[in-house]
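Engineer: Please find one structure pasted underneath; my questions will follow.
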Amino acid sequence: MGRITAPPHLFRLQVAKRMTLALLATVAVALPATADARLPRDFFGIAPQTPLTAADAARMKRGGIDIVRLPIFWSGVQQRPSSLDLSGYDQTVALLSRAHLEVLPVLYGTPRWLARHGTKLPISNARQRRAWRGFVRAVVDRYGRFGSFWTEHGPGSPDFVPRNPVRTWQVWNEENFFYFTTPASPGRYARLLKITRPAIKGADGRAKIVIGGLFGDPKERPPRAMDSAVFLERLYRVHGIKRSFDGVALHPYAANVAKLRRLTEAIRRVMVRNRDRHAGLYLTEMGWGSRHRPRQVAFEVGLRPQARELRGAYRYLIRNRRRLNLKQVHWFSWKDAPGFCSFCGSVGLFRRGARFHPKPAWHSFVAITHGRLR
């Protein structure tokens, strides 16, 4: 039988149909691993560990980052009872706001004039509680929705800063891990939350409060540390505690994406089981290192595996964002900074130094955010 030739117009329709189907298939594969229009505008965050410059802020914004996690170390800004100095943070907030980056402050670190160790929660006596409330209220009054910082730097000011007030506040850091909190006690942390809420809400009734990022799977046992899901479950048992926070934060450091997924799902199950499914979930630190020494640090996996795990983690998180009620994900960190922790020297998207030396992970990150590499 001779070959049957289709009319030209049918041939063009078939070609167009095949091209459309191929394009749709490509988009269907790509979408779960990339940003989509339904993601919150402040979904992609960064948790830097080094001082930032205007060049850093501009590079972050171009790369698709919208929010920066900023630790405000109480002991550093109030070294004496009568002296509270936020001028250093004024500079950082101004720098970030001029780049149109939002800020997620982390409030933590008890001063030496109140406790021997900064890891002690300031709840043990009336003096500590009063001082903590004063510190929290001062920071919210400075950078919150009605903050004096925005009034001082408003239109007409010679040092104008675009208005970008803080709307979400994180209370302490890794309260289930001895490195930041001793002892690891859900009951003590609940007391801190209960005295923090009125300090924040009194200054801004619409502000959101997020608990400190729980370290996912610490190896130590109580009182030095506690599994994140166990800690959260016990926190929920404190009467009336749900009124004291709006979101739960997790630091799911893990050897691979599969373990990260298990840690994240476990926390979400605790939230749902305690009838708190409407509370937001925040991953305020997540990362892998570009050095390859997994026997020393499980999440230091190597240069290209760092990029691979980053892609896999964001793919899972974006696909499941609505089910998890996931609000923000902060990569730790921006640049390598040796000496801060066992893996801080290799977790950056860039190598250390004032110049920008990107790793493969930065290229993967920007592909996900739909940002620009430079």
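Engineer: Please report the equivalent ellipsoid semi-axes of the stretch 97-194, computed as sqrt(5 x eigenvalue) of the Cα gyration tensor, largest first, in whole Å.
Structural biologist: 31, 14, 11
Engineer: Subtracting the Cα-Cα distance from 0.36 nm times the residue separation, let me have the gained length for ARG116 to LYS242 in nm, one decimal. Spell out each step's value before the answer.
Structural biologist: Working: separation 126, 0.36 × 126 = 45.36 nm, distance 3.05 nm.
Residue separation times 0.36 nm, minus the Cα-Cα distance, leaves 42.3 nm.
Engineer: On to the next question. Cα centroid distance between the stretch 148-169 and the stretch 40-111, in Å?
Structural biologist: Distance between centres, Cα-based: 14 Å.
Engineer: Take the Cα atoms of the stretch 219-374, build their convex hull, and give its volume per residue in Å³.
Structural biologist: Looking at the stretch 219-374, the number lands at 129 Å³ per residue.
Engineer: With a point put 7 Å past each Cα toward its Cβ, work out how far ARG273 is from HIS357 in nm, to one decimal.
Structural biologist: Inter-label distance under the simple model: 4.7 nm.
Engineer: Separate question: Near LYS61, which aspartates and glutamates are there with a Cα under 14 Å away, not counting those fewer than 8 places off in the same chain?
Structural biologist: Once the sequence-local aspartates and glutamates are set aside, what remains near LYS61 is ASP42, GLU102.
Engineer: I need two numbers for the stretch 155-288: Rg to one decimal and Dmax as a whole number, Cα atoms only, in Å.
Structural biologist: Taking only Cα atoms of the stretch 155-288, I get Rg and Dmax of 16.2, 56 Å.
Engineer: Right, next: Give or take rounding to whole Å, what are the principal axis extents of the alpha carbon atoms in the chain, in descending order?
Structural biologist: 97, 54, 40
Engineer: Can you report the principal axis dimensions of the stretch 101-156 using only the alpha carbons, biggest first, rounded to whole angstrom?
Structural biologist: 45, 22, 15
All of the numbers you see were taken from the coordinates with simple rules; none came from a lab. Please read these numbers as outputs of a predicted model, since none were measured by experiment. Every residue, glycine among them, receives a Cβ derived from its backbone with ideal geometry; neighbour counts consider all protein chains shown.
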